[in-house]
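Read-outs: derived from the displayed coordinates by stated rules, not from any lab. None of the values given here were measured: they were computed from a predicted structure. So basically every Cβ, Gly included, is an ideal-geometry build from the backbone, and we count neighbours across all protein chains shown.
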């Protein structure tokens, strides 16, 4: 197994044997460890001393997402962000456990691409560099189409859009989906800007001839895979024609609205009267009407069983965009007071085309609306504002800097952010556990870091009263630790639904990892291994200047009651401090 | 002695007896203590829970500046900023040791003024509130002229310009000078925005009938005052027709340029070829030419002996602006590559008219120039950019947010800031001690917090090699402690030149304070009392989330050598940590 280092100062590369100490690390566990070990915590995120690390998960190459990590320009913290695509599978097939992008070119405003392929002669990966200036400024899909035309349809591409070129705090790294749509994003934390700051526009992988992932115990791996697959095919949330396959993640819109926890109009209400119009059910029904048939969802990543990625279609039946996720429909819909699915779809499409994170974009638009730049609910004006971001005008730059910076520049006090990253689609005043996760995760406000929504709202993995702060510090800690492990396996977090409810599925996940590594991890090790990762991430953040004063929600949530429950975020600071105090 | 509290939520006020514990506190010592004691460290600086505190110094009412303090929206730290004006004298004459502005109105975009006068009937100060909406958007001088016309020429006014209305991170509180120019600023740290966030546009004081400052020991006070006055009249820097009185603070331009420590073109060189054209000597000579006679400087504050405040005149001899300080001439001149005094003067005038800090404005313009918004040296374009700030356009808002936020939004990595506040006119790579002060002061980059330039460049208070880091942690600590005391006396920091070199002057300063308070402080107590203040400020910042990771200079200064000495900032982190490690 290798670590591949690409140095953008002189456009060179180096292949290293994976050190013994990293042998049992992958995905988030490895990106966070390399950043912890090699990046000066107080470095400028866009300076020459930051590093961008990609790492496939343990089981990637069979089926799974990749992790990307760096010190984040949005939050200043360590950052891991993952996406489902075939790109990490291509990386894993070359037995590269981590790809580390280092250095910075002297030239400003120039961009290159790294071409990674397999040298059959010596049985090693090889990297070539080419100028990428001709793709600068293009919409991502057009650029990807040109790249596929140039390098063939079988290559896998990781890249950035204009948002990354502009060094926006809100900028993702985009990977293709199965149908070569440039739409699967490591969206959060501004990792696109880190890539842009290194003058790296694309990493194109041609896996032809690569040996594929090595399995230490193929039988054990297969047994694990079968157990996990069975669980996924059985659970109501993840089974074929189940909730996710039918309605996509946007099935949550009506559920969260009902719970009074769907943040609306810049987090001023937990209920949106237009919610049904932007829900997963509305997407399913709308497509049925426009296509004349029922449309079930598809996989974003080869081999996925859950298949929750959707498309939205225009009145004439042609495809408008893929994918309208729950988070996107909420951020660009409810949080902006917009209840028109065609407007929401167009906003998602523009985010994809410019290289923006849909969550951060929606919450920023909502802050802009609070500042008076548009009326809440004005989808057309919202579309114009996203075009400003794409054009890089002064206004676009303000919005592209992310919600917290935009709020500061526009003079808005109600910034729904933690550690510089905007909150996703769950209101912490209505769902206390997720608020604890937002406050205390190493990543800035992030639901995927410890998804307590499962027991608090969905009755998955137990049951907990969303409005009560009782026992939630422990709950969030347990979820954060388990998640850090899942983020290392290479599996999508959505396996958690089945894994939490079906013990054999949980065992299957661990068996798979043991099958790949030849280890003997037990299910009891999962939280322990996850906590190890969290400890490194906390250590990095602490050295970067983060303290418990940053493990807090924005002040206004403590004194501004949220309708319809009219509750504030009443989790005491001591409970927030207890999450990691007992690490 | 009183504390006067103004609550802007309901526009009420309350007069409290000065508590025993605060009896020996004034100026910065009292603003920092009240903020430490009353403001939640993690509160939003522009939210209802922040407080804006004004406090005259111990000796104010005889002669001196006032301190204003709050949690800063620019830095997130505790903040004290002072200005020379008769306003604090009026406050002190009513025996008000602190004026605390609290709360926040529900209405957005509305402004009021507080009218403070003396009620002879009951021998107490009285406050009335009036709408101030008619002054919103006006240039500060026009607004002040209208206020003087309305309330009479004898009132004293503290207020904000449009920058404070817009809640800019770069926004000061403006006081009138002796000739009723609206030009003396508590400029740093965005205190204008704190005042603006409270809907408070002006505090107008009519001191008629007020009893004046009470002296516990008039003879001792007079003796102290005589000693200090003698020292000031003797020292080369502060004596009549001495350096400051003749050339103003801009006398430092040529000195710092010669030392290779005048930050030029966004801190990319320590020497500016156009320095002589924007120097104090050039101001003196230019005025002589345009007026046909030598013009010496004037006092900004009644009773001042140093009299370093200048004017710059147009070719026809009419006054263009007051005052072109060293910091302003550097920030809006050398740091932007501008060497035309008329352009610099116009930029200063616009800062005064809009309510902007000249330092933060100049360093922000330089960052904008690095981003390509104007060429370095293009004074006319710089003037246009400041007008954008005054108009509150998207571009103006970016620039008005301060240097660090502007750099982030514009994608500039070389942001010469510490804790969100931009560095003033001394290059830390060429003058190591001042770099230690920038890094470690509680205020964000601030030369006045520990002016080691005195021994490092001016051979005042000792001599130290500017390029050497040796012994500089101790030097900076000693200066920071002494300064915290001087900032409490109500004296301008410029007494330090005479006080450091002439022991009887130092004794005189302490005698004055003892004369006012009836205390028996010795010269040995000065650093001790100062350190007490610093300790409270550090405690506030720590609770607000600041750690030693924030006591650092920007990363680029550690790896980018500065011409002409081609040195980097090589003070080890351990030395920075030692400054307060031994508190």
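Looking at the protein assembly as shown only, what percent of DSSP beta bridges run antiparallel? Nearest 5 please. List each step's numbers first, then the result.
On the way: 90 of 114 bridges.
Among the beta bridges of the protein assembly as shown, antiparallel pairing accounts for roughly 80 percent.
Percent of Cα-Cα pairs more than 11 Å apart in the stretch A:473-514, please.
Above the 11 Å cut-off, the stretch A:473-514 has 66 percent of its Cα pairs.
What is the distance in Å between the Cα centres of the stretch B:196-247 and the stretch B:469-489?
Comparing the Cα centres of the stretch B:196-247 and the stretch B:469-489, I get a distance of 22 Å.
For a quick protection proxy, order the peptides B:307-320, A:184-197 by their average other-Cβ count within 10 Å, most packed first. Spell out each step's value before the answer.
On the way: B:307-320: 18.0, A:184-197: 29.7.
Descending mean neighbour count gives A:184-197, B:307-320.
Output, in nm with one decimal and in ascending order, the distances from the residue B:9 label point to the matching label points of the other copies (7 Å from Cα along Cα-to-Cβ).
5.6
Going 7 Å from Cα along the Cα-Cβ axis for the label, what nanometre distances separate residue A:316 from the same residue across the other copies?
The projected label point of residue A:316 is separated from its counterparts by 6.6 nm.
Which whole-number percent is the relative contact order of the stretch A:129-187 (Cα, under 8 Å, 6+ apart)?
It rounds to 26 percent for the stretch A:129-187.
Applying a 10 Å radius around every beta-carbon, put A:428-438, B:131-141, B:48-58 in order of their mean neighbour count, most first.
The packing order, highest mean first, is A:428-438, B:48-58, B:131-141.
Peptide A:556-563: average number of partner chain Cβ atoms within 10 Å per residue?
Details: counts 3, 0, 4, 3, 0, 0, 0, 0.
For peptide A:556-563, the averaged partner shielding equals 1.
Per 20 Å bin, what percent of the C-alpha pairs of chain A does each bin hold, from zero upward?
23, 61, 17, 0
With both bridge residues required to lie in the stretch B:1-115, what share of the DSSP beta bridges run antiparallel, to the nearest 5%? Before the final figure, lay out the partial values.
On the way: 20 of 26 bridges.
Expressed as a percentage, antiparallel bridges in the stretch B:1-115 total about 75.
For the stretch B:383-427, take N as its residue count and report Rg(C-alpha) divided by 2.2 N^0.38 Å.
Working: Rg = 11.1 Å, N = 45, 2.2 N^0.38 = 9.3 Å.
So the Cα radius of gyration is 1.19 times the expected 2.2 N^0.38 Å.
Going by Cα centres, the stretch B:366-387 and the stretch A:1-51 are how many Å apart?
38
Looking only at other chains, what is the average number of their beta-carbon atoms within 10 angstrom of each beta-carbon in B:389-397?
Counting other chains' Cβ atoms within 10 Å and averaging over B:389-397 gives 3.
May I ask you to derive the relative contact order of the stretch B:111-209, considering only C-alpha pairs under 8 Å and at least 6 residues apart, and to give it as an integer percent?
Numbers: 208 pairs, mean separation 33.4, N = 99.
Over the stretch B:111-209, the number comes to 34 percent.
Can you list, shortest first and in nm, the gaps between the label point of residue B:240 and those of its counterparts in the other copies, using a point 7 Å from Cα in the C-beta direction?
Residue B:240 label point versus its equivalents elsewhere: 10.0 nm.
At 0.890 mPa s and 25 °C, plugging the Kirkwood radius over alpha-carbon pairs of the stretch B:360-434 into Stokes-Einstein gives what diffusion coefficient in µm²/s?
Estimated via Stokes-Einstein, D reaches 195 µm²/s.
Counting only DSSP beta bridges with both residues in chain B, tell me the antiparallel percent, nearest 5.
The antiparallel fraction comes to roughly 80 percent.
Looking only at other chains, what is the average number of their beta-carbon atoms within 10 angstrom of each beta-carbon in B:542-549?
Whole-number average of other-chain Cβ neighbours for B:542-549 is 5.
Using only Cα atoms, what Kirkwood radius does the protein assembly as shown have, in angstroms?
31.0
Please report the spacing between the Cα centers of the stretch A:512-583 and the stretch B:528-579 in Å, no decimals.
Cα centroid to Cα centroid, the span is 29 Å.
Report the closest approach of any chain A C-beta to the axis of the A-to-B rotation: residue and distance, in whole angstrom.
A:394, 2
Tell me, Kirkwood radius of the stretch B:69-223 from alpha-carbon pair distances, in Å?
Result for the stretch B:69-223, one decimal place: 16.1 Å.
Take each of the peptides B:402-415, A:75-88, average the number of other beta-carbon atoms within 10 Å over its residues, and list them starting from the highest.
A:75-88, B:402-415
At what distance in nm do the modelled label points of residue B:459 and residue A:214 sit from each other, each positioned 7 Å from its Cα along Cα→Cβ?
7.1
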